[in-house]
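**Student:** Supplied in structure tokens, the structure appears directly below.
The values are calculated or read from the model by the stated rules, or taken from the named source; none is laboratory data. This structure is a prediction, so every number in the text was calculated from the model and none was measured. FYI the Cβ positions are ideal-geometry reconstructions off the backbone, even for glycines, and counts take in every protein chain you see.
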Amino acid sequence: MGVTAAVADVSFEVNEGEIFVVMGLSGSGKSTLIRMLNGLLEPTAGSIEIDGVDITAIGGKDLRRLRQEKVSMVFQHFALFPHRTVLENAAYGLEVRNVPKQERLTKAKEFLAYVGLDGWEDRYPDQLSGGMQQRVGIARALAAETDILLMDEAFSALDPLIRREMQDLLLELQGELGKTIVFITHDLNEAMRLGDRVAMLRNGRVMQIGTAEEILTDPANDYVAQFVADVDRTRILTARSVMDKPISVVDANGGPRAAVRVMREQQTSFAFVVSRDRRLVGVVFAEPAAKAVREGHNTLDGIIEDGLQPVDPDTAVADLFTLCAESPLPVPVTDRTDKLLGVIPRVTLLAALGNLNGNGHTGEAAPASAATAHTEVTADA
Ligand SMILES: Nc1ncnc2c1ncn2[C@@H]1O[C@H](COP(=O)(O)OP(=O)(O)O)[C@@H](O)[C@H]1O
Ligand SMILES: [Mg+2]
């Protein structure tokens with residue numbers, strides 16, 4: 001009676017090794033949700049499974065142990081002990097697990113160095129800046145060596161520049177450690193920057209779950225569309241999402257005759273040259289190719305030009321402008337093994353830009369007004 005659920009009908013799976021962002025305005029139920037994931041709050045209905053174990057079905061000692069072994073938290077306000085050194089703080093997660101002192105201090109020191117706090121072990125939290133304190137918070141979570149990290153607005157208290165630095169740090173260490181991270185934020189740009197997938201929460205309900213690109217290019221409803229209207233898409237969309245299929249492509253082992261034919265068919269004056277396993281070798285141009293045909297050459301020897309500047313598929317569109325503007329050829333997109341994945345002609349980039357803001361969704365109230373406060377919480381997974 002008169003009870004409003006803080007979280008209702010929320011259902012999602014977090015994949016191993018991904019950063020899953022839960023994004024929503026203040027009061028949308030994010031902290032309630034993360035407390036349920038951590039077993040601190042029991043949902044009135046539904047289940048929460050970690051590695052196949054329903055944590056709502058176990059209690060007491062078992063739940064505590066599972067939490068200690070599988071889950072670490074990083075908090076918005078760092079939650080460091082003021083009278084403990086940085087090293088002791090970082091070792092805390094291991095202390096509660098009764099790891100022997102020497103071992104936990106060694107481990108803590110290792111992870112402090114990992115987050116860039118080498119040499120700060122004997123200081124106290126109040127001698128550190130906010131960003132550094134949160135590095136301690138992260139080192140503490142990492143030192144516990146759990147597979148799962150829960151981060152509740154972990155960077156929200158930091159200044160924008162430091163915040164960006166911490167996002168970079170998180171992405172960097174995630175690249176190396178491959179944790180499973182649930183990251184909570186009310187900041188859309190942060191969500192889009194960090195999340196492999198993002199769940200958009202509103203009034204305790206999920207509006208959409210998807211990659212940043214999916215949410216930007218195909219918002220599930222007007223609320224989401226309005227919400228993402230002001231996002232700088234050029235920072236979110238990547239080379240992969242705007243590239244075209246490479247069509248003017250020739251085999252490095254083919255001859256100039258084949259190259260000329262491809263260029264004529266595609267009506268281009270160049271063709272990218274790839275090896276049999278589709279690695280990008282270079283580019284040939286129409287005139288030298290035609291000349292090679294006239295002179296009776298059977299190979300592309302001597303007319304393949306290198307010096308292309310391929311980009312990684314994850315390059316932000318914003319970082320493609322200069323390259324595309326300066327390059328007379330479409331910019332090739334290659335993977336780690338140099339395989340040609342696609343090309344970005346200047347016109348494609350411009351067309352993509354034209355579409356960036358025209359997703360057609362309008363109407364409905366702007367999400368600026370935060371959810372109304374509820375007096376009681378019924379958590380409903
Ligand atoms: N202990 C509590 N008692 C009563 N209401 C609460 C309590 N905790 C949270 N709420 C309410 O539940 C809703 C969701 O809160 P919360 O999960 O903290 O949101 P968020 O973390 O997204 O800001 C809010 O409307 C909030 O006012
Ligand atoms: Mg919160």
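The rows are residues; the columns are (1) touching a residue at least 12 places away in the same chain (Cβ under 8 Å); (2) within 13 Å of ligand 2 (Cβ to nearest atom); (3) not in a loop (DSSP other than H, G, I, E, B).
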residue	(1), (2), (3)
Phe12	yes, no, no
Glu16	yes, no, no
Met23	yes, yes, yes
Ser26	yes, yes, no
Ser31	yes, yes, yes
Ile34	yes, yes, yes
Pro43	yes, no, no
Ser47	yes, no, no
Ala57	no, no, no
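**Student:** Residues of the range 306-340 being touching a residue at least 60 places away in the same chain (Cβ under 8 Å) and either in a loop (DSSP other than H, G, I, E, B) or more than 22 Å from Arg233 (Cα to Cα) (or both), which ones?
**Tutor:** Scanning the range 306-340 gives Asp312, Pro313, Asp314, Thr315, Leu320, Pro330, Lys339, Leu340.
**Student:** Kindly indicate whether Thr44 is touching a strand residue (DSSP E or B) at 6+ places or on another chain (Cβ under 7 Å) and either within 30 Å of Gln127 (Cα to Cα) or surrounded by fewer than 19 Cβ atoms within 10 Å (Cβ to Cβ) (or both). Break it down into steps so the answer makes sense when it comes.
**Tutor:** Numbers: touching a strand residue (DSSP E or B) at 6+ places or on another chain (Cβ under 7 Å): yes; either within 30 Å of Gln127 (Cα to Cα) or surrounded by fewer than 19 Cβ atoms within 10 Å (Cβ to Cβ) (or both): yes.
Here the answer is yes, as Thr44 does meet what is asked.
**Student:** Now a separate question. For residues that are in contact with a strand residue (DSSP E or B) (Cβ under 7 Å, 6 or more places away or on another chain) and either near ligand 1 (Cβ under 6 Å from one of its atoms) or at pLDDT below 90 (or both), tally how many sit in the range 22-35.
**Tutor:** The initial filter retains those residues of the range 22-35 that are in contact with a strand residue (DSSP E or B) (Cβ under 7 Å, 6 or more places away or on another chain), namely 22-24, 28-34.
Of the ones still in play, those that are also either near ligand 1 (Cβ under 6 Å from one of its atoms) or at pLDDT below 90 (or both) are 24, 28-32.
Residues in the range 22-35 being in contact with a strand residue (DSSP E or B) (Cβ under 7 Å, 6 or more places away or on another chain) and either near ligand 1 (Cβ under 6 Å from one of its atoms) or at pLDDT below 90 (or both): 6 in total.
**Student:** Checking Ala141 against (1) within 19 Å of Ser72 (Cβ to Cβ); (2) within 16 Å of ligand 2 (Cβ to nearest atom); (3) of a type in the set (A, V, I, L, M, F, W, C), which test does it fail?
**Tutor:** So Ala141 meets the others, but not (2).
**Student:** Turning to a different aspect of this structure: Only one of (1) under 15 Å from the mean Cα position of the chain (by Cα); (2) within 16 Å of ligand 1 (Cβ to nearest atom) is not met by Met207, so which one is it?
**Tutor:** Status for Met207: all satisfied but (1).
**Student:** Check the range 71-80 and report whether any residue there is within 16 Å of ligand 2 (Cβ to nearest atom), more than 23 Å from the chain's Cα centre (by Cα) and of a type in the set (A, V, I, L, M).
**Tutor:** Yes, the range 71-80 has at least one match.
**Student:** Okay, moving on. Looking at Ile55, Ile50, Ile19, which one is within 30 Å of Leu201 (Cα to Cα), away from ligand 1 (no atom under 16 Å from the Cβ) and at pLDDT 95 or above? Write out each step before concluding.
**Tutor:** Working: Ile55 fails: at pLDDT 95 or above; Ile50 fails: at pLDDT 95 or above.
Going through Ile55, Ile50, Ile19 in turn, the sole match is Ile19.
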